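Participant: Take a look at the following structure, please.
The values are calculated or read from the model by the stated rules, or taken from the named source; none is laboratory data. For clarity, every value in this text was computed on a predicted model and none was experimentally measured. So basically every Cβ, Gly included, is an ideal-geometry build from the backbone, and we count neighbours across all protein chains shown.
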């Protein structure tokens, strides 16, 4: 997660927690007047549209006061979904043994995208098996990552 997005997450997390939800993380997509700040939330009972609206109101008030984004943007609040984004080390630890998509900021051996089984986490390194080969991916180099949902799982 980029430092700016980390800062936003830390700023907004308490407001989201006041609603009883958990803020997994956020992403900011800069596109001029069409920029988007997307928050991913979860709750043990699931997330519905009313939950998203409640969090949007709560977070919107904080964003209006703090004004951390200098350009126009749209705020989107979303459930993490089946292909939940993975922002923090704790998120990766929860899905060891599952299939993940990882995109690196800086290529490793000429490659930025890895889709495979998250075998282990060693210190700050993710061990991902892709086509029978293990890759060690530094957490500090992860640009974006998400769980690949297994529909065959019961």
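Participant: Just checking, does segment 122-141 include any residue being touching a helix residue (DSSP H, G or I) at 6+ places or on another chain (Cβ under 9 Å), surrounded by 14 or more Cβ atoms within 10 Å (Cβ to Cβ), more than 26 Å from residue 32 (Cα to Cα) and free of Cβ contacts under 8 Å to residues at least 40 places away in the same chain?
Facilitator: yes
Residues checked against (1) assigned by TED's automatic domain parsing to the domain that holds residue 129; (2) more than 23 Å from residue 151 (Cβ to Cβ); (3) not in a loop (DSSP other than H, G, I, E, B):
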| residue | (1), (2), (3) |
| --- | --- |
| 45 | no, no, no |
| 51 | no, yes, yes |
| 61 | no, yes, yes |
| 69 | no, yes, no |
| 96 | yes, no, no |
| 100 | yes, no, yes |
| 118 | yes, no, yes |
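Participant: Taking the criterion of being within 25 Å of residue 15 (Cα to Cα) and more than 12 Å from the chain's Cα centre (by Cα), would at least one residue in segment 80-90 satisfy it?
Facilitator: Looking for residues that are within 25 Å of residue 15 (Cα to Cα) and more than 12 Å from the chain's Cα centre (by Cα), one finds at least one in segment 80-90, hence yes.
Participant: Restricting to segment 120-154, give me the number of residues that are in contact with a strand residue (DSSP E or B) (Cβ under 8 Å, 6 or more places away or on another chain) and part of a strand (DSSP E or B).
Facilitator: 20
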